[in-house]
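Data first, discussion second: the structure below is written as structure tokens.
Nothing in this text is a laboratory measurement; each read-out follows from the coordinates by a stated rule. Predicted, not measured: the structure shown is a model, and the values here were computed from it. Virtual Cβ from ideal backbone geometry, glycine too; neighbours counted across all protein chains shown.
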């Protein structure tokens with residue numbers, strides 16, 4: 001195992017560990033860029049994939065973890081842990097930042113055994129809630145409690161998770177991080193009425209069509225079966241268009257049955273696949289829907305809110321942090337197509353209410369979802385842990401960093 005002694009001339013080196021490169025690109029890019037902009041070396045460790053080239057174009061080095069997979073494969077996870085141990089044995093990291101679920105478990109342990117000076121974990125959402133059967137809760141909470149003993153700091157995105165972790169004494173280090181998006185990118189004023197009209201026309205929607213949209217991987221957990229059922233039963237369905245942006249996830253056990261997708265497409269539902277222009281898609285929607293069974297802190301719902309869209313979401317952890325029921329959207333029971341259908345019809349037939357809720361969504365996003373604040377907390381955490389441990393982190397040591405973020 002390595003020692004923690006570092007070359008003082010070497011720049012700050014921070015690695016984020018995730019399962020797939022998509023998470024590095026779409027969830028953590030702002031945090032990686034922040035390290036790069038400090039003059040440091042930003043590294044992403046994950047399974048290789050289609051977003052590696054884009055990450056490297058941003059000046060972020062990618063280290064492949066070939067055994068890493070979303071699939072439920074404990075042997076692959078053990079191989080990934082061994083791969084990570086070899087990676088950390090040769091990389092001179094100052095900070096290893098892990099992200100749950102699976103990399104957050106083995107990554108914290110391996111990072112500590114390899115003596116990475118600072119090990120930080122982000123809890124994006126506990127994989128069990130108080131509604132789950134007790135055997136699942138016992139397993140998830142026990143694993144989390146053990147793994148948290150190997151980190152220096154635990155950053156929890158969702159306040160409901162944080163309250164649960166404190167109540168069950170899962171980690172004395174847990175503190176609130178929150179979540180955020182790029183408010184500049186997700187701003188509907190970036191798109192002209194002509195651009196919005198052209199995009200709507202591309203999926204068969206006219207000016208009077210109510211475009212209902214969702215963004216998420218094509219898995220049952222995202223509520224697609226209920227959303228499709230709700231949409232197909234809408235009264236006056238010819239006035240509506242349902243568009244779904246998100247890639248397939250065949251490794252997941254709840255990947256959508258192709259027959260369901262074929263049936264929905266035959267009924268006019270548009271599946272757009274993985275799209276880089278989701279900012280424009282939100283601007284082309286009239287109502288955003290997230291019918292998930294489980295969420296940590298849903299990025300797509302935050303992005304839609306920032307774009308000024310009313311949000312219909314299930315009444316689950318995470319969605320409750322985005323939607324103030326009756327203010328900027330509507331909350332409905334989980335796995336309830338009838339309630340979902342009623343909510344869509346309520347907003348679909350009331351353009352004035354959609355406009356009022358959309359403006360409130362913008363206000364909620366400005367108040368709660370600025371990713372710059374998330375980056376600030378992350379960098380402050382690195383600096384605070386380093387000072388406590390007597391570790392020097394270039395660019396993050398001192399009362400105020402060069403970026404202007406407070407490190408006190």
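Rounded to two decimals, what is the ratio between the C-alpha radius of gyration of region 188-368 and 2.2 N^0.38 Å?
That works out to 0.93 for region 188-368.
In degrees, nearest 10, range 0 to 90: what is the angle between the Cα axis of helix 193-202 and the longest Cα principal axis of the chain?
80
Rank by packing, highest mean first: peptides 382-394, 220-232, with packing defined as the count of other Cβ atoms within 10 Å averaged across residues. Please list the in-between numbers first.
Numbers: 382-394: 17.3, 220-232: 21.6.
Highest to lowest by the protection proxy: 220-232, 382-394.
Simple spin-label model, 7 Å along Cα-to-Cβ: residue 167 to residue 368 in nm?
1.9
At 0.36 nm per residue, and after removing the present C-alpha to C-alpha distance, how many nm does the segment from residue 262 to residue 113 gain when stretched out fully?
48.8 nm
To the nearest 10 degrees, how steeply does helix 351-368 sit against the main Cα axis of the chain, on a 0 to 90 scale?
With both axes taken from Cα atoms, the answer is about 10 degrees.
For residue 238 and residue 355 in the same chain, what is the full-extension length gain: residue separation times 0.36 nm, less their Cα-Cα distance, in nm?
Roughly 40.0 nm would be gained on extension.
Based on DSSP, what percent of beta bridges with both residues in the chain are antiparallel, to the nearest 5? Provide the component values of the computation, followed by the final result.
On the way: 2 of 49 bridges.
That works out to approximately 5 percent antiparallel.
Counting every Cα pair in region 16-157, what percent are over 21 Å apart?
41
Quick one: work out the % antiparallel among DSSP beta bridges in region 205-344, nearest 5.
So the antiparallel bridges amount to about 5 percent of the total.
With a point put 7 Å past each Cα toward its Cβ, work out how far residue 197 is from residue 185 in nm, to one decimal.
So the label points at residue 197 and residue 185 sit 2.8 nm apart.
With a cut-off of 8 Å between alpha carbons and a minimum separation of six or more residues, what is the relative contact order of the chain in percent?
With pairs under 8 Å counted, the relative contact order is 14 percent.
Note the direction-averaged projected area, equal to a quarter of the hull surface, for the Cα convex hull of region 288-408, in nm².
8.7
Sort out for me the Cα centre separation of region 350-389 from region 71-105, rounded to whole Å.
Distance between centres, Cα-based: 29 Å.
When the Kirkwood radius is taken over all Cα pairs of region 193-251, what Stokes-Einstein diffusion coefficient follows at 37 °C and 0.692 mPa s, in µm²/s?
On the way: Rh = 12.7 Å.
Translational diffusion coefficient: 258 µm²/s.
When the label point is put 7 Å from the Cα of residue 73 along its Cα-to-beta-carbon vector, which residues of region 250-289 have a backbone N closer than 19 Å?
Once the point is set 7 Å along Cα→Cβ of residue 73, 250-256 turn out to lie under 19 Å by backbone N, inside region 250-289.
Arranged from highest to lowest average of other beta-carbon atoms within 10 Å per residue, in what order do the peptides 278-285, 180-187, 193-200 appear?
The peptides rank, most packed first, as 278-285, 180-187, 193-200.
So I have (1) 68, 45, 40; (2) 70, 54, 52; (3) 107, 47, 43, and one of them is Cα extents along the principal axes in Å calculated from this model. Which one is it?
Recomputing Cα extents along the principal axes in Å here gives the entry labelled (1).
Please state, as a whole number in µm²/s, the translational diffusion coefficient that the Stokes-Einstein equation yields for region 101-259 at 20 °C and 1.002 mPa s, with Rh defined as the Kirkwood radius across alpha carbon pairs.
110
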